[in-house]
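> Would you mind keeping the following structure in view while I ask a few things?
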Amino acid sequence: MLPELTNGEDTGDHRITLRTPIRDGDRVITELTFTEPAVGDLMALDEYPGDFAKSIATIAVMTGLPMAACKQIRASDMLRIAPVIEKVMGRIPTTGESSQRGSPGASTSNRVN
């Protein structure tokens, strides 16, 4: 079941209500708003070792929260956040997949070997 997800009116932002609130200093956070990151922000994720660290950093970039706050997110909420990130950014090809899909001038034919 997908998490509760609402699309912002003009901004393209997506929000998810956390099952377990997190804290940023004195502020209690019960909802995260995800915004599509800039390519430069995504490039900065290369500095983080490991896929899980990159996932937490992605949440920080997309929500504007510090890493310390994002590290408090419970595993059950992480499972609900993953499809939100995918929805906001679209599917980004992983290593070995074609990154030309949808690129200007890219071939759109599909071949099966």
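The values are calculated or read from the model by the stated rules, or taken from the named source; none is laboratory data. What you are looking at is a predicted structure, and each value in this text was computed from that prediction instead of being measured. Methodologically, a virtual Cβ is constructed for each residue, glycine included, from the backbone with ideal geometry; neighbour enumeration extends over all protein chains shown.
> Which count do you get for residues in region 18-47 that are surrounded by 13 or more Cβ atoms within 10 Å (Cβ to Cβ), more than 21 Å from GLY90 (Cβ to Cβ) and out of contact with any Leu (no Cβ under 9 Å at 6 or more places or on another chain)?
1
> Further, regarding this structure: Counting just the residues of region 35-89 that are of a type in the set (S, T, N, Q) and closer than 17 Å to PRO21 by Cβ, which one comes out nearest to the chain's Cα centre (by Cα)?
Checking each candidate, the answer is THR63.
> Inspect region 70-77 for any residue being modelled with pLDDT of 90 or more, on the phi > 0 side of the Ramachandran plot and surrounded by 10 or more Cβ atoms within 10 Å (Cβ to Cβ) and give the result as yes or no.
No, there is no match, as no residue in region 70-77 is modelled with pLDDT of 90 or more, on the phi > 0 side of the Ramachandran plot and surrounded by 10 or more Cβ atoms within 10 Å (Cβ to Cβ).
> If LEU65 satisfies every condition in (1) part of a loop (DSSP other than H, G, I, E, B); (2) modelled with pLDDT under 95 but one, which is the exception?
Going through (1) part of a loop (DSSP other than H, G, I, E, B); (2) modelled with pLDDT under 95 one by one, LEU65 breaks only (2).
Here is a yes/no grid of residues against (1) aliphatic (A, V, I, L, M); (2) out of contact with any strand residue (DSSP E or B) (no Cβ under 8 Å at 6 or more places or on another chain); (3) touching a residue at least 40 places away in the same chain (Cβ under 8 Å):
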| site | (1), (2), (3) |
| --- | --- |
| THR30 | no, no, no |
| THR33 | no, no, no |
| GLY40 | no, yes, no |
| MET43 | yes, yes, no |
| GLY50 | no, yes, no |
| LYS71 | no, yes, no |
| ARG74 | no, no, yes |
| ILE85 | yes, no, yes |
